[in-house]
Amino acid sequence: MPSTFTLVDPSTGAPFDEVELADEARTDAAVERAHEAFAPWRDLAPGERASLLRRFAAVVDEHVEELAAIEVRNAGHTWGNARWEAGNVRDCLNYYAGAPERLHGRQIPVAGGTDLTFREPYGVVGIIVPWNFPMPIAAWGFAPALAAGNTVVLKPAEVTPLTALRLAELALEAGLPEGVLTVVPGAGTVVGQRFVTHPLVRKVCFTGSTAVGKQVMAGCAEQVKNVTLELGGKSSNIIFADADIAAAAAAAPGAVFDNAGQDCCARSRLLVERSAYDEFVALLEPAVRSVRVLDPSDEASEMGPLITGRQRDRVTGFLDEVEVAFAGTTPGGDGFWVPPTVVAVEDPAARIWREEVFGPVVAVMPFDDEEHAVALANDTEYGLSGSIYTRDLGRGLRVARAVEAGNLSVNSHSSVRYWTPFGGYKQSGIGRELGPDAAHAFTEEKNVFIAH
């Protein structure tokens, strides 16, 4: 196995940096340092831990432009996205800095004594981060985990390690003790697998494909190790005929082409009520063609390249099987570009309708009525996100309750807010991240009875 990994600029296909990869011994050493750092971090007064997290947030805020620039180069993200992502790290740290002083237990009425519960951290938490949103997904794990008193070892994706490495440096600059947050770049089969098998790692958080998530879950089962999984998605955007069709068509490209479609929450299945189908598609075409796909270094860019040549080839493989209805443009060149693309689908068994493409491709299908829309939306092994467009808010709530997904939006495509829970149904994952209870997911609940 190579000791370094060559990083490639997705917009040009040109290599620009080398990152050293950890082997199993280096991974074990990082876990052991995190274990040694755990007790002092856990035992800090809650207010002191909170203060350090706020300081970490402040240091991140001072480096938002630097972090964004790294992500534009390393991941091909647009400047708008990259700035939001760096800001999201800051905001998550500030939000969860309130948790150490609010990890309340309970006093439960019992006969013969007093019963108390306590929230206690696991110890070392292993966080495995994907390449599509390297900064925010890291923070969604480490911010509440650290707030709850755990220490963290974090494995970034091989192709996008740079912002994670920089965040670890900023954590030290902010005053977090050595070993509290450690970034360990390396292969998933080495570092990620060791997080799963190492007995001192007491919980694993994995974000990535459903196939790999199943392997992580199976490995954690060997030690009955707690696990949170945020996996794939094949989400629907359901447009009813009574919706504001122009607004729905204008919003639809952003719901699937953001981050070049490399988003588990992408609304990659467009369901449109048959009576409004032609009108919607006619309005959708100019909206898709107007998406500005430019070099990520251009501040005007609204969509960048795919992350690797391999990912580009996977996406174009789907498109080779179907007839494209219409598409936007790309700058061309040697980068990993695929234009925003729309495909009309009639058969719900079609591969492009059922499998996660993870690229800038949306499949459009008509439906007949509310029952049919819900049936089509639920006919998938995934259940992460989705949208419903209608002027009838009773219908919007009714359909949101009927669709089997963890995060639904009515007349909106919002999926993720750090102050609300996020996670999937079915094979889209296990557990919830974010929201007011996220720190609880990084604790054990202890019950203590005191006899009178």
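Of note:
- Here is how the number arises for the chain: DSSP H runs of 4 or more residues each give -39500 (n - 2.57), the sum is divided by the residue count, and the result at 222 nm is -12000 deg cm²/dmol.
- With a Förster radius of 56 Å applied to the C-beta separation of Glu32 and Glu279, the computed FRET efficiency comes to 0.35.
- Estimated at 0.36 nm per residue, the fully extended path between Asp379 and Glu120 surpasses their Cα-Cα distance by 89.2 nm.
- Rounded tilt (10° steps) of 393-402 against the dominant C-alpha axis of the chain: 60
- Among the listed pairs Lys426/Lys446; Lys234/Lys426; Lys214/Lys446; Lys203/Lys446; Lys155/Lys214, those beyond 20 Å (Cα-Cα): Lys426/Lys446; Lys214/Lys446
- Distance in nm between pseudo-label sites at Arg102 and Ala247 (7 Å out along the Cβ direction from Cα): 3.1
- Extension reserve of the Arg351-Arg310 stretch, reckoned as 0.36 nm per residue once the Cα distance is removed: 12.9 nm
- Rounded to the nearest 10 degrees, the inclination of helix 24-43 to the longest alpha-carbon principal axis of the chain is 60 degrees.
- Inter-probe distance in nm under a simple model that places probes 7 Å from Cα toward Cβ, at Leu165 and Ser209: 2.5
- For the range 105-124, backbone nitrogen atoms closer than 17 Å to the point 7 Å from Phe449 Cα along Cα-to-C-beta are found at 106-118.
- Student exercise, the range 53-162 dipole from Lys, Arg, Asp, Glu Cβ charges, in Debye to nearest 20: 220
- The Cα-based radius of gyration of the range 100-259, divided by its Kirkwood radius, gives an Rg/Rh of 1.10.
- Computed label-point distance, nm, for sites Glu178 and Ala14 using a 7 Å Cα→Cβ extension: 3.9
- Degrees, to the nearest 10: 245-257 long Cα axis against longest axis of the chain: 50
- The Cα center of the range 200-249 and the Cα center of the range 92-145 differ in position by 20 Å.
- Within the range 238-381, antiparallel bridges make up roughly 20 percent of the DSSP beta bridges whose residues both belong there.
- The chain, relative contact order in percent, only Cα pairs under 8 angstrom and at least six apart counted: 19
- Solvent-accessible area, 1.4 Å probe, carbon plus sulfur percent, for the chain: 52
- Solvent-accessible area per residue, Å², over the chain with all protein chains present [probe radius 1.4 Å]: 40
The values are calculated or read from the model by the stated rules, or taken from the named source; none is laboratory data. Remember, predicted model here, so these are calculated numbers, not experimental data. Glycine also receives a Cβ, built like all others from the backbone with ideal geometry; neighbour counts cover every protein chain displayed. In case anyone asks, the SASA skips ligands and DNA or RNA and just uses the protein heavy atoms, side chains included. Shrake-Rupley method; radii C 1.70, N 1.55, O 1.52, S 1.80 Å.
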